[in-house]
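Heads up, the thing below is written out as structure tokens.
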Amino acid sequence: MIRWDAARVAAAAGARLIGGETQGGPARATIDSRAVRPGELFVGLPGANVDGGRFADQALASGAWGVLVAPGHVAPAGRGAVLEHPDPLAGLQALARAWRRELGAKVVGITGSTGKTSTKDILAALLAKDLRTVASPANLNTEIGLPLAVLDAPAGTEALVLEMAMRGPGQIRELAMIAEPDVGVIVNVGPVHLELLGSVEAIAAAKAELIAALGPGASAVVPADEPLLRPYLRSELRTITFGQGGDVELADRSDDGEVVIRDRTGPGDNGLIRLRPSFAQSHNLRNLLAAVAAARALGLTPAGTLEVTFSALRGERIALGEEIVLINDCYNANPMSMRAALHDLAQTAPGRRVAVLGDMLELGEQERAMHRELAAVAERAGVELLIAVGPLARETARAFAGEAHAVADATAAAELLPGVLRPCDTVLVKGSRGVGLELVSQTLADARGRRPATDAGGAR
């Protein structure tokens with residue numbers, strides 16, 4: 001709960017309190033009038049088709065603590081605080097920034113072309129061993145979602161781990177201005193959102209807005225092998241690199257699951273950190289290095305068992321009937337995350353490898369070439385059966401040397417897949433969010449029964 005009265009909430013948001021009765025502060029903020037619960041602050045955001053402020057009365061009638069809306073939407077009626085702001089989104093962001101300062105928590109902002117959600121999940125688990133930690137839930141990583149995540153953090157929070165999404169120039173800067181991170185983590189730079197940004201160099205510049213927004217004395221955590229970020233590093237920041245040859249690198253991994261990390265950031269167990277994570281995929285071990293580097297930036301030295309619950313649709317392994325394993329990794333996809341997921345399939349499948357691969361969206365002029373190149377990646381991973389979903393993925397099917405089926409959409413894939421599977425198959429389902437491949441995973445799981453397998457953790 002935000003421990004401020006209505007007048008202070010209004011001042012923090014830069015809004016005008018025009019009346020209404022309320023006690024204490026709001027439990028949290030929400031932008032969905034249909035889901036508002038008693039004690040919450042409803043923020044009525046104007047949209048392309050509907051102005052959320054129109055639902056302010058409905059939110060108050062549902063027991064909202066109050067509403068933050070543009071002028072003229074509601075008159076005070078003694079049933080909740082009414083805060084007016086000419087730009088409710090700006091008011092929401094200002095309120096979140098003020099609450100972040102009130103918390104006094106250490107804030108870590110995480111961005112990257114792929115793996116930022118999994119890195120967030122890993123870091124939150126690492127920090128929770130020593131600090132009262134809150135991480136942004138689900139996909140609350142945009143100019144709307146991030147402030148909602150900050151306002152979800154209760155008083156007493158000691159560490160706040162925030163994911164930062166990017167669709168174009170200026171967006172990471174906007175998020176960093178709200179979060180004011182003490183540590184900025186860039187997991188990687190890759191060919192994502194090329195349709196909007198045009199080049200990987202432009203993507204690096206957009207991600208580096210996080211570095212530019214860090215205050216003097218803050219820490220930047222970056223890959224050791226990413227030259228595109230080097231021009232943006234700043235001498236007044238502490239820079240910690242991760243990966244091979246970096247300040248934090250993988251030294252060894254044993255068959256029993258122990259991971260040994262070499263730490264060159266300061267004193268430790270002879271410079272070694274020993275962890276036993278609940279995952280073993282190569283891409284997530286690299287994400288672990290980024291998370292350990294961020295923890296070291298905060299002065300913590302992780303050790304021991306590390307149990308991580310990864311966000312939904314990101315590499316969840318589901319054991320089905322006839323010893324079939326489904327890898328449900330359909331939250332999103334790009335060339336980097338596809339390679340990582342196919343590598344994981346190759347490393348973990350005991351039987352035939354099946355890949356249901358959907359379109360990778362927002363890749364710009366090279367999209368068809370990138371889909372053709374994916375066929376070779378699948379072949380090297382030992383995929384024996386490929387189901388390509390969507391018009392772009394059809395290019396992958398055409399270039400694939402093995403058995404391939406090209407279908408128009410997720411519905412067609414869901415109808416085809418059960419009939420072509422064999423006992424002991426391992427099935428990877430992955431594609432961009434707009435393809436909707438969760439339908440394929442859900443249909444298959446419902447049809448054959450399901451129980452969680454081990455080692456979840458996806459490639460994005």
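None of the figures in this text is laboratory data; all of them are computed from the coordinates on show. It should be emphasised that the depicted structure is a prediction, and the values quoted were computed from it without experimental measurement. Neighbour counts are summed over all protein chains in view; Cβ atoms, including those assigned to glycine, are modelled from backbone coordinates with ideal geometry.
Annotations for the structure displayed:
- Averaging over all projection directions, the Cα-based convex hull of the range 1-60 occupies 4.3 nm² in the image plane.
- The relative contact order of the range 210-357, computed from alpha carbon pairs under 8 Å that lie at least 6 residues apart in sequence, is 14 percent.
- Spin-label pair Leu89-Ala369: with each label point 7 Å from Cα along the Cα-Cβ axis, the two points sit 3.4 nm from one another.
- Here each label is just a point 7 Å from Cα along the line to Cβ, and for Val200 and Glu21 those points are 6.3 nm apart.
- Full-extension gain in nm, Thr411 to Asn139, via 0.36 nm per residue minus C-alpha separation: 95.5 nm
- Long-range HN-HN contacts of Ala404 with modeled amide H, under 5 Å: Leu386
- Cβ crowding within 10 Å, taken as a proxy for footprinting-reagent exposure, orders Asp256, Asp409, Asp182, Asp329 from fewest neighbours to most as Asp256, Asp409, Asp182, Asp329.
- Only lysines eight or more places from Lys207 in sequence, or on another chain, were considered; those with a Cα closer than 19 Å are Lys116, Lys120.
- Beta bridge orientation in the range 316-452: antiparallel %, DSSP, nearest 5: 25 percent
- In the range 104-306, one over the average inverse separation of all distinct C-alpha pairs is 16.8 Å, which is the Kirkwood hydrodynamic radius.
- Gyration tensor verdict on the range 251-313 (Cα atoms; rounded if a/c is under 1.5, prolate if a/b is larger than b/c, oblate otherwise): oblate
- Label-to-label distance, Val260 versus Arg3, with points set 7 angstrom from Cα along the beta-carbon direction: 4.6 nm.
- Zero-based 10 Å bins, Cα pair distances in the range 210-343, whole percents: 11, 35, 34, 16, 3, 1
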